[in-house]
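S.K.: Sharing a structure below in structure tokens format, with a few things to ask.
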């Protein structure tokens, strides 16, 4: 069976059964059904949905998404974090997580999309979560260890699908570039692991709002300095502490204010 994805279609994985992984799992390893998904607190309000990987959500004390709601006027808009640890632009779709976001979207909603940290992984093998690097229409059929065939597309192809599906429900897609890793050279922190340019290009070609998070966060961390920044990354160079997640969430808010994303109208005034 070959799995093909096209904008506006539902993946075979979702048709057969929506699949999930355990919350602590950092590998794309499906289990039969989602046991729970976060839903808007007030169905009468529009919703800001967060879609991404562990850097947006990795438990309650990690990832900026779970620390972002205090920056938003939740009397006017819901904030729902559907990010999942270990996911790439490809596996978030293939596992059915994206179909469940699309199912719950309503006109007037917003979707913050941040993918790329895991897209450099293998296309097949034990962790088949990588996408083809680029934004074109290249594709490659792979055979997974399960024997399932899957057609893998470019990183940009998946981003365009997120955008098209979001717009098909009357909602607004917003592309964020990636959170910064604690990697330094000559006193400067790394600002791009190779995907930010693709994100910006897709946003421009699709006329979708682009949020330059990486530079805003990098500026904040360089102001703190290398020693203090290291304290915010106690696990590895990618995942922060709870305090670090708050710093990143604040950077997301600042980057949104500088962008043309209409959802910035729902941010609370800066303290």
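S.K.: Name the strands (runs of 3 or more DSSP E) wholly inside segment 60-176 in which the number of residues that are closer than 28 Å to residue 244 by Cα and within 14 Å of the chain's Cα centre (by Cα) is 3 or more.
M.R.: Where strands (runs of 3 or more DSSP E) fall fully within segment 60-176 and carry at least 3 residues being closer than 28 Å to residue 244 by Cα and within 14 Å of the chain's Cα centre (by Cα), they are 110-113, 172-176.
S.K.: Quick one: would you say residue 230 is touching a residue at least 24 places away in the same chain (Cβ under 8 Å), over 23 Å from residue 263 (Cα atoms) and assigned to a helix (DSSP H, G or I)?
M.R.: Working: touching a residue at least 24 places away in the same chain (Cβ under 8 Å): yes; over 23 Å from residue 263 (Cα atoms): yes; assigned to a helix (DSSP H, G or I): yes.
Here the answer is yes, as residue 230 does meet what is asked.
S.K.: Just to be sure I understand, how many residues within segment 126-155 are touching a strand residue (DSSP E or B) at 6+ places or on another chain (Cβ under 9 Å), without any contact (Cβ under 8 Å) to a residue 60 or more places away in the chain and farther than 18 Å from residue 54 by Cβ? Working first, answer last.
M.R.: Within segment 126-155, the first condition is being touching a strand residue (DSSP E or B) at 6+ places or on another chain (Cβ under 9 Å), and the residues that meet it are 128, 130-144, 148-155.
Okay, now just the ones that are also without any contact (Cβ under 8 Å) to a residue 60 or more places away in the chain, so 130-132, 136-140, 142-144, 154.
Those still in the list that are farther than 18 Å from residue 54 by Cβ too: 132, 136-140, 142-144, 154.
Of the residues in segment 126-155, 10 are touching a strand residue (DSSP E or B) at 6+ places or on another chain (Cβ under 9 Å), without any contact (Cβ under 8 Å) to a residue 60 or more places away in the chain and farther than 18 Å from residue 54 by Cβ.
S.K.: Does segment 108-125 include one or more residues that are over 22 Å from residue 39 (Cβ atoms) and in contact with a strand residue (DSSP E or B) (Cβ under 6 Å, 6 or more places away or on another chain)?
M.R.: Checking segment 108-125: at least one residue is over 22 Å from residue 39 (Cβ atoms) and in contact with a strand residue (DSSP E or B) (Cβ under 6 Å, 6 or more places away or on another chain).
S.K.: Answer with yes or no whether residue 117 is under 30 Å from residue 269 (Cβ atoms) and surrounded by 17 or more Cβ atoms within 10 Å (Cβ to Cβ).
M.R.: Criteria not met by residue 117.
S.K.: Among 61, 66, which is surrounded by fewer than 16 Cβ atoms within 10 Å (Cβ to Cβ), touching a residue at least 24 places away in the same chain (Cβ under 8 Å) and under 13 Å from residue 249 (Cα atoms)? Outline the logic, then answer.
M.R.: On the way: 66 fails: surrounded by fewer than 16 Cβ atoms within 10 Å (Cβ to Cβ).
Going through 61, 66 in turn, the sole match is 61.
S.K.: So, one more: Search segment 39-54 for residues that are more than 26 Å from residue 244 (Cα to Cα) and pair each with any residue that is surrounded by fewer than 18 Cβ atoms within 10 Å (Cβ to Cβ) when their beta-carbon atoms are under 6 Å apart and the residues are at least 6 apart or on different chains.
M.R.: Within 6 Å, the pairs are 46/108.
S.K.: Out of the residues in segment 71-86 that are out of contact with any strand residue (DSSP E or B) (no Cβ under 9 Å at 6 or more places or on another chain) and modelled with pLDDT of 95 or more, state the one that is surrounded by the fewest Cβ atoms within 10 Å (Cβ to Cβ).
M.R.: In the first step, residues of segment 71-86 are kept if they are out of contact with any strand residue (DSSP E or B) (no Cβ under 9 Å at 6 or more places or on another chain); the result is 74-76, 85-86.
Still in the running and modelled with pLDDT of 95 or more: 74-76.
Details: 74: 16, 75: 8, 76: 11.
Taking the candidates together, the pick is 75.
The values are calculated or read from the model by the stated rules, or taken from the named source; none is laboratory data. Keep in mind that what you see is a predicted model, and the values were worked out from it rather than measured. Methodologically, a virtual Cβ is constructed for each residue, glycine included, from the backbone with ideal geometry; neighbour enumeration extends over all protein chains shown.
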